[in-house]
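For reference, the structure discussed in these notes is given below.
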Amino acid sequence: MSDFKTAKIVIDKDFIIGEIDKRIYGSFIEHLGRAVYGGIYEPGHPLADDMGFRKDVIELVKKIGVPIIRYPGGNFVSGYNWEDGVGPLEKRPKQLELAWSTVETNQIGTNEFIEWAKRVDAEVMMAVNLGTRGIEAAKNLVEYCNHPKDSYWSDLRISHGYRQSHNIKTWCLGNEMDGPWQIGHKTAEEYGRVACEAAKVMKWVDPTIELVACGSSGSGMPTFAEWEATVLEHTYEQIEYISLHTYYGNFNDDTANFLASTMNMDAFIKSVVSTCDYIKAKKKSKKTINLSFDEWNVWFHSNEDDKKLERWSIAPSQLEDVYTHEDAILVGSMLITLLKNADRIKIACLAQLVNVIAPIMTENNGKSWRQTIFYPYMHASVYGRGIVMRPVTKSPLYDTKDFCDVPLLDIVAVLDEENGYLTVFTVNKDLESPMLLELDARNFEEYIVKKHIILENEDMKAINSKDYTENVVPHDRGNAVMERGKLTALLPKLSWNVIRLSKLLNK
Ligand code: AHR
C-alpha cells in the first residue's frame, strides 16, 4: 500500500468546529421549469396522492432527509403575488412569469406547498418578494401564515381551510437583489433600507421568526463584499443570517480546475464571515450574524438548451442539468466545505431538489430517478448529524489554471456521540491514482469500521438517466480498517467516500 500517494490526518475529540445545524442539509424548490408542476405535483400521475403530489418523489425526498426547503424562489419570488396562489383553485390567475419567461398557473401556492413539506417531513423557509413588492405584502404574508386568528389575513387563511397557523420560522428577505437580472434589482443602499423596514414589521407581526438578508449572488459580483457591508449596516439588528449563493460549471472541460472550485467556495465563506464580524465590530454589537448558503450546486449543462426554449409555456423542461460522476464528486467536496464552516453556516440549500438542477428527476406521467449528485447529498444528510471535528490534514497538493496548492484530499469528520457514531466524509480528487488515507483517530480506539461506502466510476462523465438509472451508484466494498485508533483506507481515484465507524457495542 505504501507506493500510493498518502494523506495523513489527525482528528481529536477536542478539535471541534461546532455542532451541525441540521438545516445545513436544506434544499430549494422554486416555481421554475418542472420543479413544482410535473415534479412534486402531477395530479394525473398513477402515483399521485389525495392532493396530487407524487408519492414516488415524496419517498425520494424522505430518503435524503431534507430538513428545510426554501420556497417559492429564487428569481421567481421577485415578481410573485402570493395572494394569487391562495384560495379557490378556479379563481387563481394565470400570470406571465417574467423571471423565467413562462406562464405560472398558480395551482400550487403557499398552503399546498406547506402541506407538501409536511409530507416530506421538512420545514419551509419562505421567501418574500422585495422586487416588485415590499413591506406590506411581506407583512401580510407573515400574518397569513403565522398569526393564529382574529385578523384579516389570518382569518383569510382559516377561510381557505387552514385553521392552524403554519408557524413558518425562517424567512428570506427577497432573492439576489444585487443581480441586474433580478426583477426589481436594487443598489445595496436601496435594498438595505427596504430589507430593514420589511424585517421590522415582519417581526412586529411575529417576533419569533428568523430572517435572512440577501448577500451577494456570488463572490464574482462586482459589488461583493461592499454589498454585504452596506446591507449589514442597515439590517444588522433586524436579521439573523446573510445569504450566499454559488454555482460551478466545468465550462472548459478542465476537471482538475473544476474540482478545485471548493477553494473559491471556502474563500467566499471566510470573506462573508469577516464582513459580518467587521460590521459587528463597527456597531459594537454583541450579536453575531450567521450564514445561510441558500443556493449552491453545479449548474452549466443545460445552459445552451435553455436558450432555445419557447417563451410563455407552462412548466417546460428548464435548467434540467444531467449530472456526471465528476459533478457528484464536486458536490461531495462542497458538502465537506459547508461542514468545515459549520460554526457559522447554519442553513444551506442544495439548489434545487426536483427536476431543476436537481438530485431527483421525474418523467411526466412516468418514473422518477436519482442523479449522481443524489448520493453524496443523501449520505451527508443521513450520516452527517452531530459535531464536526476539525481535521489536521497533510494532503498532496495540485495546481490548476485558477487555483494553487489545492489539496487532492478533502476530508471532514462528524461525531454523533449520543449514538456512538463517527463518520468520515472524504473525496479523492486525483484523476489518475488512488490515495492512501492514514487517519489518526486518537480518542476513538473503541470504534470499528461499520461501512465504507464509495462512489467511483471509470468514466468521469458517466451519468444516470431514465433508461440507465443505476449507472452511477455507490457500493460499500471499501477497504477501510481501524486498528487501535488508526484508520487506513484506500480511496479510489476521483471518489466520494463515507467511512462510518461505531463504538464496539453498537450493532
Ligand atoms: O436556482 C436557480 C436560480 O439561480 C435562482 O432562481 C436564482 O436565485 C439564482 O440565480
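We did not get these values from a lab; they are worked out from the coordinates using the rules stated. Owing to the predicted nature of the structure, the values given are computational and were not obtained by experimental measurement.
Here are a few things to note about the model shown:
- Cα centroid separation, the range 343-357 to the range 82-120 (Å): 21 Å
- Across the range 128-133, coupling constants 3J(HN,Hα) worked out from phi with the 6.51/-1.76/1.60 Karplus curve, θ = phi - 60°, read 9, 7, 10, x, 7, 10 Hz, and Gly and Pro carry x.
- The count of lysine pairs in the range 96-228 that are at least 8 places apart or cross chains, and whose C-alpha atoms lie under 19 Å apart, stands at 9.
- Sorted largest first, extent of the range 113-198 alpha carbons per principal axis (Å): 40, 30, 18
- 21 Å Cα-Cα reach of LYS503 towards lysines, excluding residues that sit fewer than 8 places from it in its own chain: LYS13, LYS450, LYS451, LYS486
- For the range 23-103, the convex hull spanned by the alpha carbon atoms encloses 112 Å³ per residue.
- Histogrammed with a bin width of 10 Å, the alpha carbon distances of the range 339-492 distribute as 9, 32, 36, 19, 3, 0 percent, first bin at zero.
- Less than 5 angstrom separates the built amide H of MET125 from those of ILE69, ARG70, TYR71, all sequence-distant by 5 or more or on a different chain.
- Averaging over all projection directions, the Cα-based convex hull of the chain occupies 23.6 nm² in the image plane.
- In Å, descending, principal axis extents of the Cα set of the range 71-125: 32, 25, 15
- The range 56-212 - Rg (one decimal) and Dmax (whole number), Cα, Å: 15.4, 45
- Over the range 180-286, the fraction of Cα-Cα pairs per 5 Å bin, rounded to whole percents and listed from the shortest bin up, is 2, 11, 19, 20, 18, 13, 8, 5, 3, 1, 0.
- Entry for the range 386-468 at q = 0.15 Å⁻¹: log10 I(q)/I(0) = -0.75, Debye formula applied to identical alpha-carbon scatterers, no solvent contribution.
- Normalising by residue count, the range 15-55 has a Cα convex hull of 107 Å³ per residue.
- Average projection, convex hull of the Cα set of the range 363-433: 8.3 square nanometres.
- Distance distribution P(r), the range 125-175, all Cα-Cα pairs, bin width 10 angstrom from 0: 28, 49, 23, 0 percent.
- Reducing the range 264-321 and the range 410-475 to their Cα centroids gives an inter-centroid distance of 26 Å.
- Under Karplus coefficients 6.51, -1.76 and 1.60, residue-wise ³J(HN,Hα) of the range 333-342 in Hz, glycine/proline x: 5, 5, 5, 4, 5, 4, 5, 5, 10, 5
- Principal semi-axes in Å for the range 220-358 [√(5λ), Cα gyration tensor, largest first]: 31, 18, 13
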